[in-house]
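See below for the structure under consideration.
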Amino acid sequence: MENKEASRKAPRGFERDETSESALGTSGASGASGVEVEHTSSGDILLMKPYDSANVDARVRVNKAYKMFIGGAFVRSESGRYFQVEGAPSEEDLGADPATVNVPRGSRKDVRDAVLAARSALVSWERRTAYNRGQILYRLAEVMESRRPELTQSLVRGGETPAEAASQVNVSIDRVVFYAGFADKFFALLASSNPVAGPHFNFSVPEPMGTIGVIAPDRPALLGLVSTILPIITGGNTCVALAGERDPRTSIVWSECLATSDIPGGVVNILTGHANELAVHFAKHREVAGIDAWMVDPNLRRAVESEGADSVKRVTTRVPMDAEAWSNERKAQGLGWIERFLETKTIWHPVGV
Amino acid sequence: MIASRGVSTLEDQSDIGETGESLKCDDSVSYSEGAPAFNADAPRRGGVGSMYALFAPPAVDAVALEERAASLGKRSLKGETKLAGLRLAVAMMDLTTLEGKDTPGKVNQLCEKARIPLYQDPSVGPCAAICVYPNHVVTAKARLAGSSVKVASVATAFPSGQSPLDIKLADTRRAVDFGADEIDMVIDRGAMLVGDFARVFDEISATKEACGHAHLKVILETGELGSYDLIRKASELAIAAGADFIKTSTGKIQPAATPPVTLLMLEVIRDHYYASGRRIGMKPAGGVRTAKQALHYLVLVKETLGDAWLTPDLFRFGASALLNDVLMQLEKQRTGNYQAADDFSKD
Amino acid sequence: MAHTMTKREGEAAPPSRGAIVALDFGKAWDYAAAPESPDHVSIDPKYGLFIGGRWVTPRSGRFFPTINPSTEEVLAEVADANAQDVDDAVRAAREAYDKYWSRMRGADRAKYIFRIARAIQEKARELAIVESMDGGKPIKESRDIDLPLAAAHFFYHAGWADKLDYAFHGRRIRSLGVAGQIIPWNFPLLMAAWKIAPALACGNTVVLKPAETTPLTALLLAKIIEEAELPPGVVNIVTGGGETGAALAIHPDVNKVAFTGSTSVGKRIQRAIAGTHKRLSLELGGKAANIVFADAPIDQAVDGIVNGIYFNQGHVCCAGSRLLVEESVHDVIVKKLRDRMATLRMGSPLDKNTDVGAINSKAQLARIRELVAAGEEEGCERYSAPCPVPEKGYWFPPTFFTGASMSSRIAREEIFGPVLTILTFRTPDEAVEKANNTSYGLSAGVWTDKGAKIFYMATKLKAGVIWGNTFNKFDPTSPFGGYKESGFGREGGRQGLAAYLGVE
């Protein structure tokens, strides 16, 4: 674990030989011949696993290609760009990644594609009964529960301690259950029957805003995403989220939970990439009705708010809370989180014969 | 005789009176006032208001209608019931090809399929009719000579109906001259949507006259009418103007036939029967692709109109892909095995 | 199959105007039997009481049979709990309340309730079959209505368990303690769900007594609760008759009594617990008016009338048992109703095509017959659907009376069977007056194409639930309950929670 901690601070790339080495010893082929770096003819760099000639029968791992989640499908960036994060496998980590994994570096056009997917999914999602949405969200909690080891593992690879990771996964699942149970209740709590002075039945009801953009906090990687996305889709909106840069891979693992739950494709879209590149494109896209952005950089927050003004977006930008606050039920979940991305519609109807 | 009965029915009803509809018409009033001038060629007929002198007011509650249609889809049909239903479905089928690429070869193949749908089991079929464009009526008639399979032709500027009335009537007469037993006309949905109901009525009754001995099916193209209320209105209009059958769709527009639309039209037919004793036929067309769907429609008929309508004389399916699925289910019932699509002729 | 369209030329001439031609719903294409197979359903020969998380034999030592009302066969022997057994159950519930349930986080209570909801979905088919066997209702209804709604009630209330502060914002809330719940035989599992789910969500523990004639699905629910690993004693199921219920209602350690059933028993309970500070909610009888205006969507209204009174053989407290028809459409409605009723299929509750099942018990059948005889004696005109009646079992065909008046017994007393009384009115205010002219006030229906009229009527009708252009709709988010002698307290929705909470 010390190695893990150390590597978290280490610059990304291939410099972490000692980390890789210690872990590689347990990942099948025991031995310590070190990491070989090979340049292919096309110029790509391949990271080779050490290879012990004494154990040629050891299983060779299948590496996973991490992709973004758009419209229910896993896709690479249309730009072809990527960035790299640590994949350092640990001793407990049976489904080890290579020491470094490539993550798509989402582009402006990926934002466009994701917004389109979210917008297309909106009509059927907002028209579903609240009960149905609640059931679907509860199903997500079930899927997450069964994938708890995978989610925990990914968070550990992303730099959390096992205890932190386990706790974060637990709170995340409970939060999904919380919103699943809210899907058919917020309506009754936010709607009203208004006693207007006249022969009219007058009532106000909440309605989803549309497609909402999320710039998720860097940390906690899973709980930050869950806490921001769930209230948005509970309200009947669809969502495009940019995962935090620090551990984007966990967002992809979570996307696999989304993909195997009953949530229709396009309701949640997850991009990976750099907030300072993409946040303004969320803000500029006129099909995006609202934005929930968690960003440290005050200039970026101002830029997002300012660009959002063009389509009178409902923009909230916030400085990320500390990791503990996200676990706090009072601070990081509740009716207000749903209400933020709802409109109120008031209906007048005559009473008479 | 049939044509004259259509008119006489109309006259029978003309004294029944208004039911509060906003359309008030008599011979002396041009009921198209305020409507577009393109209806100038429409012949005037009397007693248009009578077409609303039907049993029920036209209000339709969409939610309850759809619930009822869906609940009838839950009937469980097994064994002999299923077999009899599937056979009936084959016998009720208007096997249809309405494509720009239709040729005599295609039409001939379709005729054979209609005559003998399932060579393994000669007791199945034949289909009620084949439905083609006017240009293929002669081919079909010749091929079907001696069989009970009727030839239906679409007419009246199918599928849009957006041509002058004289063209539509000429279209109809030519199809009848070619030998069509049945004419599937389309109503002018544009006129329907702007409220020029009189024009729609008049075109139908003129087409009815042009049909002579041929039977008239009136296609409402329900998918373009936008509401159940207007579908109900169009159904009543078509029946009052002389339709022998009312039919949901051309098959060129989505949605085509649906169970609630069909149920609603069956209810209009029922009201007309209550009021006049005359039995109008019903033809859902387009969108009926599976045996299961077909059985659902038969249940709608059985439980809305009863035994008398469970005959090809009064109920038809307009379909092309449906037949093979029904045949596969029939063979499945006969042999106990699920069937492979390639074992059935794809004409 | 030879056919020609010209065959119709031989038809008889159209009848004269005004004569209404009957449709023929015969056997031209009849549905073969489509029975739901009870093969994989296992019903134990004998059931004990579910107390403190265990199955125990009753201290009374007595068992009674529960029978299938469509065959009169005994399905199982069920324990007849006496006052001691009830006391055991209340103690177990109290202990569970003190030890676990009142101290548990709402979010964790929620997870247990979600588990119950999921298990009901998983076992839905089995539960539906047993419901139909034990109670006589058509499998179509137990499968498509009772079971999905029962699961939905657990789902819905699970979600409240950790959100009660939102429901009563800014007010102090507390759970009540032990809830004694007594439920009827018309929707056995669904009523158990209506009672247990909100009680648990609000942090109470439960002793539930199912109806004497329909205990089986509640006992299967106990098995589900056992498998869901709820802490022992959180839910206890005691079976028995009226005495068991009475013992539960008056037990001194029961904090809350919830009763659904007849108005007469409800009154007895209210009297019995007077002065004890027990909280009480009652969902009692009804004699609902289903009001059809001339401008109604008539065909859909006829479907709604049928659904309003023949759903579940009319064993529905909110059944639309008084049809108030605007006089101008009376004949049309009656005609269409007869034709519609001709398509209703009465018979084996397990046949998937059955629309009308068996009357729940011999006693109930006798009650229905008595009231129908009264209607005939009063000179009302009876029409019964031409359904063949099976030899064994308890059956009553869908029936309506015309020519009744507001003073007729069949227009005033709850029949709780498939019997409709048809009355007429001329103006909306007359309809309101007649609809409200009853000591009940559970529900009402209004059929008109005019929205403003629905709201006008809804404003004036004295009933807890008003259905506009629909009838017999239920949803866990929608509060249900009565005015006047139909009881007090609501079930479902935010308001339903208040029945199981102290709210300051």
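Here, each number is a calculation from the coordinates, and none is a lab measurement. Everything numeric in this text was worked out from a predicted model, so none of it was measured. Backbone-built Cβ (ideal geometry, glycine too); neighbour counts: all protein chains shown.
Place a +1 charge on the Cβ of each Lys and Arg in the range A:108-350 and a -1 charge on the Cβ of each Asp and Glu, then give the dipole magnitude about the Cα centre in debye, rounded to the nearest 20.
The calculated dipole for the range A:108-350 is roughly 440 debye.
Students often get this wrong, so check it: of C:LYS46/C:LYS473; C:LYS140/C:LYS434; C:LYS336/C:LYS434; B:LYS74/C:LYS123, which have C-alpha atoms separated by over 27 Å?
Going by Cα-Cα distance, C:LYS46/C:LYS473; C:LYS140/C:LYS434 fall outside the 27 Å limit.
For B:THR139, what is the net charge nearby, where nearby means another residue's Cβ is under 13 Å from its Cβ and Lys, Arg count +1, Asp, Glu -1?
The answer is +1.
So for the pair C:HIS40, B:ARG174, with labels modelled 7 Å out along Cα→Cβ, what separation do we get in nm?
That separation, rounded to one decimal, is 6.2 nm.
With labels modelled as points extended 7 Å from the Cα through the Cβ direction, what inter-label distance (nm, one decimal) is found for C:ALA83 paired with B:LYS252?
Those two pseudo-labels are separated by 8.3 nm.
Based on the Cβ-Cβ distance from B:ASN135 to C:ASP30, what FRET efficiency comes out when R0 is 45 Å, to the nearest 0.05?
Calculated transfer efficiency: 0.55.
If you add up the charges near C:LYS434, with Lys and Arg at +1 and Asp and Glu at -1, over every other residue whose beta carbon is less than 13 angstrom from its beta carbon, what do you get?
+1
Along the range C:128-142, what does the Karplus equation 6.51 cos²θ - 1.76 cosθ + 1.60 (θ = phi - 60°) give for ³J(HN,Hα), rounded to whole Hz, x for Gly and Pro?
5, 5, 5, 4, 6, 6, 7, x, x, 7, x, 4, 4, 7, 5
With Cβ to Cβ distances under 15 Å as the rule, what net charge do the other residues near A:LEU278 carry (K, R +1; D, E -1)?
Every neighbour counted, the sum reads -2.
Between the alpha-carbon centers of the range C:363-427 and the range A:139-156, tell me the distance in whole angstrom.
Cα centres, the range C:363-427 to the range A:139-156: 59 Å.
Going by the alpha-carbon gyration tensor, a ≥ b ≥ c the square roots of its eigenvalues, is chain C rounded (a/c under 1.5) or, if a/c is not under 1.5, prolate (a/b greater than b/c) versus oblate?
prolate
Would you mind giving the average projected area, over all directions, of the Cα convex hull of the protein assembly as shown in nm² with one decimal?
Computing the convex hull of the Cα atoms and averaging its projections yields 54.7 nm².
When the Karplus curve 6.51 cos²θ - 1.76 cosθ + 1.60 is applied with θ = phi - 60°, which whole-Hz ³J(HN,Hα) does each residue of the range A:138-145 get, with x for Gly and Pro?
Going residue by residue, I get 5, 4, 4, 4, 4, 5, 5, 4 Hz, with x marking Gly and Pro.
I'd like the FRET efficiency for C:TRP55 and C:ALA272, computed as 1/(1 + (r/R0)^6) with the beta carbon distance as r and R0 of 30 Å, rounded to 0.05.
My answer for the efficiency is 0.55.
Tell me the relative contact order for the range C:106-147 as a rounded percent, counting alpha carbon contacts under 8 Å between residues six or more apart.
35 percent
Which of the listed residues, B:VAL90, B:GLY195, C:ALA296, is farthest toward the dipole's positive end in the protein assembly as shown, when Lys, Arg count +1 and Asp, Glu count -1 at the beta-carbon?
C:ALA296
Would you list, by chain and number, the aspartates and glutamates whose Cα falls below 12 Å from the Cα of C:LYS453, excluding same-chain residues fewer than 8 positions away?
Within reach: C:ASP295, C:ASP429.
Nearest 5 is fine: what % of DSSP beta bridges in chain C come out antiparallel, could you say?
35 percent
Mind pulling the angle between the C-alpha long axis of helix C:263-272 and the longest principal axis of chain C? Nearest 10 degrees, somewhere in 0 to 90.
That helix lies at roughly 20 degrees to the long axis.
Greater than 18 Å separation of Cα atoms is the criterion. Which listed pairs, C:LYS278/C:LYS484; C:LYS267/C:LYS462; B:LYS217/C:LYS27; C:LYS195/C:LYS256; B:LYS150/B:LYS292, meet it?
C:LYS278/C:LYS484; C:LYS267/C:LYS462; B:LYS217/C:LYS27; B:LYS150/B:LYS292
For C:HIS251, enumerate residues with amide H under 5 Å from its amide H, sequence gap 5+ or separate chain, H modeled in the peptide plane.
Here nothing satisfies the definition.
Beyond 27 Å between alpha-carbons counts as too far, so tell me which of B:LYS168/B:LYS252; C:LYS137/C:LYS163; A:LYS67/A:LYS185 fall in that bin.
The pairs that break the limit, which is 27 Å between Cα atoms, are C:LYS137/C:LYS163; A:LYS67/A:LYS185.
Rounded to the nearest 5, what % of DSSP beta bridges with both residues in the range C:289-468 are antiparallel?
Close to 15 percent.
Sticking with the crude label model, points 7 Å out along Cα→Cβ, report the distance from C:GLU370 to C:ARG62 in nm, one decimal please.
Output for this residue pair reads 2.2 nm.
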